[in-house]
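The structure appears below as structure tokens.
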Amino acid sequence: MATTADAAQYLMAIIDVAKGIDASLTERARIAADRDKEVARINAASQGLRDYLDRVFDERRDLHRGFFARLDRAIEDRDPETVQACVAGIVEVTKHSPLNDIAELRSIWADPRAVIEI
């Protein structure tokens, strides 16, 4: 038969387990909140990068179209100097990625051991 001392020990054991469960739930809530914060940060950065790339590539598309339109006119006009200038412009634009201007990416691309964790 359990004594008052045994009952007190049982109660203390239950309280200790409850505290552990509460601490575990609190830690899980903190981890979930941190996860949600990081996911929101990634989503914001992703949207910012998409907006940047859309704008930059729109500009490049317009630049390419302009070069090709001038190239077509130069060919029709039989203007070899303008043809050469247009081709040089097209080549120059296509040689450079808009992402090359981001120094951090250049250092990551240059390091074959670089690891990007997601």
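The values are calculated or read from the model by the stated rules, or taken from the named source; none is laboratory data. These numbers come from a predicted model, not from an experiment. Ligands, DNA and RNA are stripped out before the accessible areas are found, and what is left, the full protein with its side chains, is counted by its heavy atoms. Shrake-Rupley method; radii C 1.70, N 1.55, O 1.52, S 1.80 Å.
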For region 3-49, which whole percent of the accessible surface, found with a 1.4 angstrom probe, sits on carbon and sulfur atoms? 67 percent
In sequence order, calculated HN-Hα J values of region 75-80 (Karplus, 6.51, -1.76, 1.60; Hz; x Gly/Pro): 5, 4, 7, 6, 10, x
Along region 52-58, what does the Karplus equation 6.51 cos²θ - 1.76 cosθ + 1.60 (θ = phi - 60°) give for ³J(HN,Hα), rounded to whole Hz, x for Gly and Pro? 4, 5, 4, 5, 5, 6, 4
J(HN,Hα) series, region 67-73, from Karplus relation 6.51 cos²θ - 1.76 cosθ + 1.60, nearest Hz, glycine and proline x: 4, 5, 5, 5, 5, 4, 5
